[in-house]
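A quick write-up on the structure given underneath.
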Amino acid sequence: MRYGIIFPAFVLLSTGVCALAQQAGDSPATQPSHAGPTAWMQDAKTPQALAKLFQARFEGASDEQLQKFASGDDAGDAIAAGWETVCRSLLAAIANPPAPNPAIPHAIVHPDKGTMSHFLDIVDARTGGAPTLWKSAVSSFWSYSDKSAHAFSGVPGPLAPPAPSATVQRQGRNTLVIVDPLNQWTIPGQAGSQASAALTDGVAYVAAYNWPPGPFTVYAIDRKTSAVIWSSRVWAEDGFLVAVGGRGAGRMELKVSPGDAMKVSGDTLVVFGVAGEAAYIERFDLKTGENLSRFCTKYYSYDK
């Protein structure tokens with residue numbers, strides 16, 4: 001059974017604010033070992049098709065095979081194999097649940113902490129460092145012992161708001177106007193009320209989306225000329241994501257944050273997201289916008 005939305009959580013594409021990622025500061029020493037595309041994922045044209053490929057590749061894999069995937073050169077394979085080990089740990093906990101609380105019909109179980117920590121280490125190594133809030137939320141993953149529901153509980157406590165460095169404003173119904181220290185530019189045809197961004201010296205990588213967000217587009221924009229260099233679709237979890245907070249339409253502050261949801265790591269743009277229903281990571285070639293790999297916890301079966 002697919003796991004449902006249990007608790008309102010957050011979407012790390014900055015509901016109500018834009019987060020600017022700098023290349024330095026939040027990255028561990030280990031950088032992604034393989035920036036090229038994960039070949040077998042490129043055959044999937046829809047999230048549903050990709051989910052079938054995930055399950056065919058990893059559900060029947062031995063523990064030794066998963067270890068090889070996780071330690072291999074392919075970042076997409078490594079992250080996907082890492083979450084399969086989390087799934088197996090969760091199922092083992094379900095098979096031996098704690099005594100139920102009389103006030104709760106079913107016991108709540110969690111994956112093994114060591115297995116979850118290993119998965120997050122893989123993500124850090126293959127993405128240049130995942131946002132702290134994303135890792136905290138993913139660590140909260142739980143299930144009822146009867147498998148009737150699985151969810152991420154979210155993160156306790158908000159981030160301290162950093163100082164604003166730019167703004168995003170609405171112009172009419174379908175245009176966002178972004179003002180950063182170098183230029184003012186627009187994204188036409190965007191009805192979204194939320195935004196997130198990562199800046200390099202010459203390029204702004206911007207995602208604009210509605211509240212609550214579903215699939216959305218990320219743009220690479222020349223900060224001096226305002227020209228769109230490329231745009232690519234982020235599948236996210238291809239469905240309803242719960243988010244709390246945000247200011248809705250109108251003026252939004254663009255802020256610098258060490259826990260942003262979109263970051264530049266080497267020659268890769270990495271997009272992170274999480275909500276009550278799913279967590280995801282999507283990687284894009286920084287120059288061309290080609291999708292390199294996609295990961296979403298909804299691609300897995302939890303009823304094995």
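Here is how the numbers come out for the structure above:
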item	result
Filtered residue count, the stretch 213-230, keeping only those that are under 11 Å from VAL203 (Cβ atoms) and among the aromatic types (Phe, Trp, Tyr)	2
Residue in the stretch 249-295 that is farthest from ALA39 (Cα to Cα), counting only those that are among the polar types (S, T, N, Q) and at pLDDT 70 or above	SER265
Helices (runs of 4 or more DSSP H) completely within the stretch 27-143 that count 3 or more residues being among the aliphatic types (A, V, I, L, M)	47-58, 75-95, 113-127, 132-138
First in the stretch 122-146 and at positive phi, second anywhere and part of a helix (DSSP H, G or I) and not basic (Lys, Arg), Cβ under 9 Å, 6 or more apart	GLY129/VAL123
Leading residue by the ranking (modelled with the lowest pLDDT) among those in the stretch 75-114 that are over 25 Å from LEU292 (Cβ atoms) and among the polar types (S, T, N, Q)	ASN101
Strands (runs of 3 or more DSSP E) (entirely within the stretch 194-237) containing at least 2 residues that are surrounded by fewer than 22 Cβ atoms within 10 Å (Cβ to Cβ) and modelled with pLDDT under 80	none
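The values are calculated or read from the model by the stated rules, or taken from the named source; none is laboratory data. Keep in mind that what you see is a predicted model, and the values were worked out from it rather than measured. In this analysis, Cβ positions are derived from the backbone assuming ideal geometry, glycine residues included, and neighbour counts consider all displayed protein chains.
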